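Novice: Provided herewith is a single structure, encoded as structure tokens, for subsequent inquiry.
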Amino acid sequence: MSEMYDIIVVGAGPVGLFAGYYASLRDAKVLLLEAQDTVGGQVTTLYPDKKIWDVAGLAGETGRHLIEGLLKQTKRFDLPIRTGWRLTNLVKDGQSFELEINQGEEKLQAKSVILATGKGAFEPRRLQVENEAELLSEGLSYSAPDLASFAGQRVAVLGGGDSAVDLAAGLADIAKSTHLIHRRDSFRALEQSVKALDDSAVIKKTPFKVDAVKKSGDELLLTLANPKDDGQQEELAVDRLIVQYGFKTAGQAERDWAIDLDWNRAGLLVDDLVKTKQEGLFAVGDLTTYEDHIDLIATGFGQAPAAVNAAIAYYAPEQAGPGHSSSLDIK
């Protein structure tokens, strides 16, 4: 029989890390699983240098700084984190759960489980030009994990949402020049982010879309077309091209597990913000959906303590309670 944990948290993105830490605060025997080789989820993979403005207490800190802070919290309690451990099946066994790891390589036991796996596997929405695959080695990319690598270069960013706007503004003082190209006249980003963009040196090209990209020597030549005027075209020469059209998910693998759960197109349905239809199984973050749910890190941070407290109330009703950190003697 494998070791029994009080709580196993599945997913070590920001919300999973915080859930694991809060479970440690409640003195639960907890294990954190992550399918990837590194923790931090999309924050680490896609935008470690992006400044975060919509999490309480973080006044423009980077994603990298956020993950470092969360890891510092987990180390206070030596929270065990297993990377490269993918949960491939979940079965309820009486009042506890059996977790199958990597198609049966390992099996774990837990009194309760908190899912923090996000939207599942994801891939960027691609630039629709014929030679897109060839351009990937010639200056085209879909993320910018190291902004310093763009120093002194002419950069074009494609897109009009938060990621595109924040990235362009972040590059303004690093790159030689930064163009932001969007097919509409207005941007779909936080109002303060748009103001920061307006106050920066970013050159906005709207409404334009990229019709073609050609490699010419050491530069990329972009053919821009105005979707509102068939005859208007422009050319722009850049060194780097970053596409920020968002991401599409390959779907949640959780839907194929043996355990019975309720799903809709938006995600896993939960009651009281965190409760699935299976007692003892909870979910937090972007994986979940309920009325007026918003996919924000801040939303998941609010769900995490609720899920931990509900988990403890499930397997140890006598310990149920809010678990205020101010009441703890933490060294």
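Novice: Starting from a Cα-only point model with no solvent, please compute log10 I(q)/I(0) by Debye for the stretch 126-245 at q = 0.10, 0.11, 0.17, 0.19 1/Å.
Specialist: After summing over all Cα pairs, the log10 values are -0.26, -0.32, -0.79, -1.00.
Novice: Order the peptides 26-38, 131-143 from the highest to the lowest mean number of other Cβ atoms within 10 Å of their residues.
Specialist: Packing order, densest peptide first, comes out as 26-38, 131-143.
Novice: Placing unit charges on C-beta atoms (Lys and Arg positive, Asp and Glu negative, everything else neutral), compute the dipole magnitude of the stretch 126-245 about its Cα centre in debye, rounded to 20.
Specialist: Dipole of the stretch 126-245, to the nearest 20 debye: 180 debye.
Novice: At most 13 other Cβ atoms within 10 Å and a DSSP loop assignment: could you name the trypsin sites (Lys or Arg not before Pro) in the stretch 228-281 that fit? All intermediate terms of the calculation are to be shown ahead of the outcome.
Specialist: On the way: sites: LYS228, ARG240, LYS248, ARG255, ARG265, LYS275, LYS277; in loops: LYS228, ARG265, LYS277.
Loop-located and lightly packed - LYS228, ARG265, LYS277.
Novice: Can you tell me how much longer the chain between GLN232 and ILE203 gets when fully stretched, taken as 0.36 nm per residue apart minus their C-alpha distance, in nm with one decimal?
Specialist: On the way: separation 29, 0.36 × 29 = 10.44 nm, distance 1.82 nm.
Going from the current span to full extension adds 8.6 nm.
Novice: Put +1 on the Cβ of each Lys and Arg and -1 on the Cβ of each Asp and Glu in the chain; which of LEU224, PRO14, GLY57 then has its Cα farthest toward the positive end of the dipole?
Specialist: Checked the options; the winner is GLY57.
Novice: What ranking do VAL113, VAL15, VAL43, VAL9 get, fewest neighbouring Cβ atoms within 10 angstrom at the top? Please list the in-between numbers first.
Specialist: Values: VAL113 27, VAL15 31, VAL43 21, VAL9 36.
Neighbour counts put them in this order, fewest first: VAL43, VAL113, VAL15, VAL9.
Novice: For the stretch 62-95, list residues with backbone N below 14 Å from a point placed 7 Å from the Cα of THR38 toward its Cβ?
Specialist: Of the residues in the stretch 62-95, 63-68, 84 have backbone N under 14 Å from the label point off THR38.
Novice: Another question, if that's okay. Label the stretch 64-216 by shape, choosing from rounded, prolate and oblate, from the square roots a ≥ b ≥ c of the eigenvalues of the Cα gyration tensor; if a/c is under 1.5 it is rounded, and otherwise prolate applies when a/b is larger than b/c, oblate when it is not.
Specialist: Prolate.
Novice: Could you list the residues of the stretch 299-316 with an amide nitrogen less than 15 Å from a label point located 7 Å from the Cα of GLU279 in the Cα-to-C-beta direction?
Specialist: Only 310-316 fall inside the zone, counting backbone N under 15 Å.
Novice: With the chain treated as a Gaussian network of Cα nodes joined by springs under 10 Å, which of GLY11, GLY57, GLY104 yields the largest mean-square fluctuation?
Specialist: Sorting by GNM fluctuation, first place goes to GLY57.
Novice: Report the Cα centroid-to-centroid distance between the stretch 25-59 and the stretch 247-324 in angstrom, as an integer.
Specialist: After rounding, the separation between the Cα centres reads 17 Å.
Novice: Counting residues in the stretch 170-211 as N, plug N into 2.2 N^0.38 Å and put the Cα Rg over that result.
Specialist: 1.16
Novice: Positive end of the charge dipole of the chain (Lys, Arg +1 and Asp, Glu -1 on Cβ, about the Cα centre): tell me which of THR249, ALA212, ALA116 has its Cα farthest that way.
Specialist: Of the options given, the answer is ALA212.
Novice: Helix 162-171 versus the longest principal axis of the chain: what is the Cα-based angle in degrees, 0 to 90, to the nearest 10?
Specialist: That helix lies at roughly 60 degrees to the long axis.
Novice: Let me check against my output: what whole-number percent is the relative contact order of the chain, with C-alpha pairs under 8 Å and at least 6 apart?
Specialist: Once normalised by length, the contact order is 19 percent.
Novice: Please tell me which of these pairs span more than 19 angstrom C-alpha to C-alpha: LYS107/LYS248; LYS51/LYS195; LYS50/LYS205; LYS176/LYS228?
Specialist: Too far apart for the 19 Å limit: LYS107/LYS248; LYS50/LYS205; LYS176/LYS228.
Novice: Pick out which of ALA313, ALA59, ALA144 has the largest mean-square fluctuation in a Gaussian network model of the chain, springs linking Cα atoms closer than 10 Å.
Specialist: Greatest mean-square fluctuation among the candidates belongs to ALA59.
Novice: If I model a spin label as a point 7 Å beyond the Cα along the Cα-Cβ vector, how far apart are those points for GLU191 and ALA212 in nm?
Specialist: 4.3
Bear in mind these aren't lab numbers, they're just calculated from the coordinates by the rules spelled out. Here the structure is a predicted model, which means the values were calculated and not measured. All Cβ positions, even for glycine, are placed from backbone atoms using ideal geometry, and neighbour counts span all protein chains on display.
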